Amino acid sequence: MNWNQEQQADRITKAAHALEKQTRFEQAGGDPTINFFGAFLVGHVLIWTFLAAMTQPNLPSETLSLLTAGQSPAWGYFDQPPLAVWLMSFISAIFAPAAWPAYFLAQVCIATCMWAAWKIGKDFLQPWTAICGAVVLEGCYFFTIGSTAFTSAHLAGCFWALAILALYHGFQLEQRRYWVIVGVCLGLGMLSHYSTALLFVSMLAFSFLNRQARSCWDTSWPFLAGSIAAAIMLPHFWWAWSHDFTTFSTSMQGIWSVSSHGEESLKFVVSQLFAVVPVLLLLIPIISYFRLDEPTTSEDEEKDFVRQYLVVVTALPAALMLAFALLGGVHLGSTGLTLWTFVGVVLLLWSDLDENRIAWRKVILHSGAIGGAFAALLVVMNFMIPYAMNPKGPDDIHFPGKELAHEVQRIWKAQGHEQELAIVAGPNQLAQNTSWYYGKWSRPMAYNNLDKDQSVGVTDEKLREKGGIILWTEELTPEQENELTAETELVGLYSFENLAGRFSLEEQPGNLQILAEPIALKWGKSTKNEPLLVRVAIIHPWGTTHSEIIPEQLPVIEVNPEDEILPLQFGQPAQIGISLRSDTQNTNTYGQNQPPQQSQQPILNAAQFESLILPKPATPAPATRNVSQPFPIQRTVSSPPTLQSQPAPFEEEDEVVPSFLAPAAGVQPVNFSR
C-alpha cells in the first residue's frame, strides 16, 4: 500500500469516526446533565453579575477606559486593539450610564469558556465527569473574583476557547466550516488582545509536531483559516503601522532592569499557581492517579490525540508568557483567563479516574463552596476593607464618579452656553468618570491626560474650538499614581503656566477661566476620609463672547495669553474681588461700570498657582467687589492703574496690594513686590 492509499484509508476511517461522533451528538439531547449544566451557567452569569453590580458602585478603570474610548471609532487605540472598545461602544449606546451590562458581558465570556471546556470533555469522558471538568473552574479566581470587570482579556479568552474547540473539530471531523471558524476566532482574538498570537504559535507548532495533525497540510484548510484571520487583522495592522505601532508598545509593557525581569517572572508564576492549584485540589475525589501510558485501541488514540492537543494549546502559551516576563520584563495583562479554560479537562484526560456518584457530588459541591467563598471575599474586599484601612484616596470602584459628573454638568450649565459640553480633560480617572456618568444621550469626549495620542479624535485645537472643562486634583489618588510615567507628570501637566500656554487665545481674551473653589467630593462612609478636591478650568467655546454668558455664582480667575506669569511663594492665601485694568474705569467683564463691593468668598489659592506681580500704592485699598461674575486679569500693565475708589496717583517704586487680592476679614494682607 503506497502513501496515497494509506492516506485515503486513514481518511475513510476518520469519516467513519466522524459519523459516529455526529450520531452521538444527536443522541445527546436525552442527556440529563445538559439541563443541569445549562442551569449552572445561567446561575453563574446572574449571580456574579449581581454581585459585581452591587459591590462595585463605580465602574472599574479598565471597563471605563473601554466605554469612553469608543466615542471616536477607530481601527486601534492607545493601549489596546479595537474590538473590545467597539463592543463597549455598542453597549453604551443602548444602556449608558448603567454599569450592569458591562458586568453581564464579562460573565457571558466566562460562561462561553466553561461551555467550550465541557463540549470537548463530553466526547471522551462520562457526562458527569465532563461537567466536573468545567465546574471546577469556579475554583480558579480568574473565572470568579477576577472577572468582575470587563476587559479585552475577557473577550480574548472567549475567542481562545472557541478557536481551540473549532480546531479540534477541524482535525477530527475534517470539515471546512470548522477551519473557517478557526480563522474568524483567531482574527477576532487578535483584535481583542495581542496575546492571541501565542495561541496561533501553539496551534501551528502542534500541527507540525503531531503526526495526525500534520495531515491537515495536505489540504487547503489551514491556508483558508490563515487567510481569513489575516483579512480580519489587516485594517488594524495598517492603522498600527500608520501610528508607529503605539498600541503594541503600550500593550507590551517592558521593564528594563534585570531585577524587574525576575520580579515579573515570579509574579506571573505565583499568580498562575494560585489559579491552577485550587482546580487540581477540587478534582482529587475523582482522580486516582496520573498516567502516561500509550494508547492501545483506536478510541484510545483519539483520546491521546485530544489530550496532547489540549496540553500544547494550554501549556505552551503559558511557557511563552513566562519567557516574555523573564527575558523582556514584559507582562501581557491579565491573561490567566485565556490560559486555563481547559485545565480541568486536561487533568482528567491524563488521569485514571474513580468515577462514581459520590465523587461527582463531592467535586460539584466543593466547587460551589469555593465559588461561594470567592463571592464572600468579593463582598469583604469591596465593602469592608476599603473603609477599615482608610486609604488616602478612593480606588476605582469607590470613586464618586456620578457626583463628579453632576458637579461638572452644573458648572457648565452655569456658563450659559447653548451647546452641550463637548470635551472633558484631565487624568484618566477624572475624565473617564465624568464622560461616562455625564448623561445618557449627550456625553462629552474624554481627553485623557491632555494627550492626543491617548485620546482618539481629541486635540488641543478641538478643545479650544469646542470648549470644555479641565479637571485635576492637588493630591494624586491611588489610581492616578498608576498613571504616572516617565513621559507624563500629572502634577506639572496641570500647572498654571502650562494651561495658560496651551489654551489661552489672543483673539478671544478670557477664554480660559480657572474656578477658584475646587469641587469637594465626599467618598466612603467614614467621617475620617478627607474630601477629594478637584480643581476646575473652563475653556469657553470659540466665538463665545462674555456678553452672551450669564453665569451663576461661580468665582473664577480669567487668564489672558499676554499675561506675564511670575513666581511667588506658595502657601499664601489670596482673594480676587475686582478686575484690575489699565483703563480709568472699573469695568466688569460684561461691560458695566459698577462701584466696588465687598468680596464674599475667597477665589484663588496662591498655594496652587503662581501669583501676579503688580505695582502697589502706598495705602492699599480695601475695597473689593462681588465675584458672582468672572473678570479678566491683566497682569502686565502699560501704565499705573487707577481704581475708582482710589483716584490718588502713586509712585513707581510704591508697592500695591490690588483689590482682587484683598484679604477676607481677619486675614492679614499678603505683600507682593515687583
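For region 149-174, enumerate the residues that are under 24 Å from SER89 (Cα atoms) and surrounded by fewer than 24 Cβ atoms within 10 Å (Cβ to Cβ).
Of everything in region 149-174, those that are under 24 Å from SER89 (Cα atoms) and surrounded by fewer than 24 Cβ atoms within 10 Å (Cβ to Cβ) turn out to be ALA149, LEU162.
Assess whether ALA84 counts as being within 26 Å of TRP238 (Cα to Cα) and buried (at least 19 other Cβ atoms within 10 Å of the Cβ).
Yes; evaluated as a whole, the condition is true for this residue.
Any idea which of ALA205, ALA240, ALA213, ALA231 is assigned to a helix (DSSP H, G or I), at pLDDT 90 or above, small (Gly, Ala, Ser) and touching a Ser or Thr at 6+ places or on another chain (Cβ under 8 Å)?
Just a single option satisfies the conditions, and that option is ALA213.
Could you tell me whether region 471-492 includes any residue that is at pLDDT 90 or above and either within 24 Å of ALA99 (Cβ to Cβ) or buried (at least 16 other Cβ atoms within 10 Å of the Cβ) (or both)?
Yes, some residue in region 471-492 is at pLDDT 90 or above and either within 24 Å of ALA99 (Cβ to Cβ) or buried (at least 16 other Cβ atoms within 10 Å of the Cβ) (or both).
Return the only residue of SER192, SER207, SER215 being in contact with a Lys or Arg (Cβ under 7 Å, 6 or more places away or on another chain) and either on the phi < 0 side of the Ramachandran plot or crowded, with 18+ Cβ neighbours inside 10 Å (or both).
Every option except SER207 fails the conditions.
So which residues in region 362-374 are out of contact with any Pro (no Cβ under 8 Å at 6 or more places or on another chain) and buried (at least 17 other Cβ atoms within 10 Å of the Cβ)?
If the condition is that a residue be out of contact with any Pro (no Cβ under 8 Å at 6 or more places or on another chain) and buried (at least 17 other Cβ atoms within 10 Å of the Cβ), then ILE364, SER367, GLY371, PHE374 are the ones that fit.
Which one is farthest from GLY157 (Cα to Cα) among residues in region 89-104 that are open to solvent by less than 30 Å² (accessible area, probe 1.4 Å) and at pLDDT 90 or above?
Among residues in region 89-104 that are open to solvent by less than 30 Å² (accessible area, probe 1.4 Å) and at pLDDT 90 or above, the one farthest from GLY157 (Cα to Cα) is PRO101.
Just wondering, is there one or more residues in region 51-65 that are surrounded by 20 or more Cβ atoms within 10 Å (Cβ to Cβ) and free of Cβ contacts under 8 Å to residues at least 40 places away in the same chain?
No: zero hits.
Can you say whether TRP128 is over 23 Å from GLY146 (Cβ atoms) and buried (at least 20 other Cβ atoms within 10 Å of the Cβ), as far as the supplied structure shows?
Yes, satisfied.
If ILE228 meets every condition in (1) hydrophobic (A, V, I, L, M, F, W, C); (2) under 24 Å from ALA319 (Cα atoms); (3) open to solvent by 20 Å² or more (accessible area, probe 1.4 Å) apart from one, which number is that one?
(2)
For SER257, only one of the following conditions fails: (1) out of contact with any helix residue (DSSP H, G or I) (no Cβ under 6 Å at 6 or more places or on another chain); (2) at pLDDT 95 or above. What is its number?
Evaluating SER257 over (1) out of contact with any helix residue (DSSP H, G or I) (no Cβ under 6 Å at 6 or more places or on another chain); (2) at pLDDT 95 or above leaves (2) as the failure.
Mind checking which helices (runs of 4 or more DSSP H) fall wholly inside region 392-468 and carry at least 1 residues that are open to solvent by 10 Å² or more (accessible area, probe 1.4 Å), touching a Ser or Thr at 6+ places or on another chain (Cβ under 8 Å) and not aromatic (Phe, Trp, Tyr)?
Here the list reads 428-437.
Residue by residue through region 497-543, note down the ones that are closer than 19 Å to THR459 by Cα, crowded, with 17+ Cβ neighbours inside 10 Å and aromatic (Phe, Trp, Tyr).
Matches in region 497-543: PHE503 only.
What is the one condition in (1) at pLDDT 90 or above; (2) out of contact with any Cys (no Cβ under 9 Å at 6 or more places or on another chain); (3) among the polar types (S, T, N, Q); (4) surrounded by 13 or more Cβ atoms within 10 Å (Cβ to Cβ) that SER271 does not satisfy?
The number of the failed condition is (1).
What do you reckon, is ALA319 exposed (fewer than 13 other Cβ atoms within 10 Å of the Cβ) and modelled with pLDDT of 90 or more?
yes
The values are calculated or read from the model by the stated rules, or taken from the named source; none is laboratory data. Worth saying up front: this structure is predicted, and the values here are computed from it rather than measured. We place every Cβ from the backbone using ideal geometry, glycine too, and count neighbours over all the protein chains shown. Only protein heavy atoms, including side chains, enter the accessible area calculation; ligands, DNA and RNA are left aside. Shrake-Rupley method; radii C 1.70, N 1.55, O 1.52, S 1.80 Å.
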